[in-house]
Amino acid sequence: MQECGTTSLRLYSPAFRDGESLPQLYTGDGLDLSPPLRWQGVPANSRSLCLLMEDPDAPLGSWLHWLLFDIPPQIHQLPTGLDRTALLPNGARHGRCWGVRHYERMGYYGPLPPYGSVHRYCFTLRALDRKLGLSPGVTREQVNGACLHHVLAEDTLTAIYGR
């Protein structure tokens, strides 16, 4: 990724604050709904947005819980319980998730860490200078490769959850 430098892009949620616990509603122990997310400060020359949710504390490596790309830049929020369909009505596309190197699902799948551990869950929003135009169901590696040298701004919101 290219250096983002100083950016005004800010990702936040009305359901939790950065560094706080993710409410159970948004986990595999609850209803497994995607949390509401909002953002501001998208650069004017952005052509799309990309969102990833990863657990960097997973025992086998960074576990991907959500991959959504080609979000139109005029969109500034995602509702609770976003559909898990491959292609959303606004043109955004879900990539494959729920794994470290092998991805089995599309859409949001919330935290379900091993009992006795607390993990971090990092929601990263990238503003891009291009629409990726990849097919739904692509992998994190394909999306990251397509984003290379096209990131205008980036912000990360982190939640924690333990069982």
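Surface composition of the chain: carbon plus sulfur atoms hold 50% of the accessible area, using a 1.4 angstrom probe and ignoring ligands, DNA and RNA.
Give me the percent of Cα-Cα pairs in the range 33-151 that sit more than 16 Å apart, rounded to a whole number. Could the numbers behind the result be given before it?
On the way: 4067 of 7021 pairs.
For the range 33-151, the fraction of Cα-Cα distances above 16 Å is 58 percent.
Qualifying chymotrypsin sites (Phe, Trp or Tyr not before Pro) in the range 82-117, where qualification requires a DSSP coil assignment and no more than 13 other C-beta atoms within 10 Å, comprise 115.
Rounded to the nearest whole Hz, the Karplus-based 3J(HN,Hα) values (6.51 cos²θ - 1.76 cosθ + 1.60, θ = phi - 60°) of the range 92-109 follow the sequence 5, 10, 8, x, 6, 8, 6, x, 9, 10, 10, 10, 10, 10, 10, x, 7, 9, with x at glycine and proline.
Tally Lys and Arg at +1 and Asp and Glu at -1 over the other residues with C-beta under 11 Å from the C-beta of residue 140: what net charge comes out? Intermediate values should be presented prior to the final figure.
Values: positive: 96, 101; negative: 54, 141.
Net charge in that neighbourhood comes out at 0.
Farthest toward the positive end of the dipole of the range 42-163, out of 162, 86, 123, is the Cα of 86, where the dipole comes from beta carbon charges about the Cα centre.
When Rg and Dmax are taken over the Cα atoms of the range 53-107, they come to 12.3, 37 Å. Using θ = phi - 60° in the Karplus curve 6.51 cos²θ - 1.76 cosθ + 1.60, the 3J(HN,Hα) couplings for the range 47-60 round to 10, 6, 10, 9, 10, 10, 10, 10, 10, x, 9, 4, x, 9 Hz; x is entered for Gly and Pro.
In the context of the full set of protein chains, the chain has a per residue accessible area of 47 Å² (1.4 Å probe).
Summarising the amide proton neighbourhood of residue 47: residues at separation of 5 or more, or on other chains, whose placed amide H is nearer than 5 Å comprise 128, 129, 130.
The values are calculated or read from the model by the stated rules, or taken from the named source; none is laboratory data. Given the structure is predicted, the values throughout are model-derived calculations rather than measurements. Methodologically, a virtual Cβ is constructed for each residue, glycine included, from the backbone with ideal geometry; neighbour enumeration extends over all protein chains shown. For accessibility, only protein heavy atoms count, side chains too; no ligands or nucleic acids. Shrake-Rupley method; radii C 1.70, N 1.55, O 1.52, S 1.80 Å.
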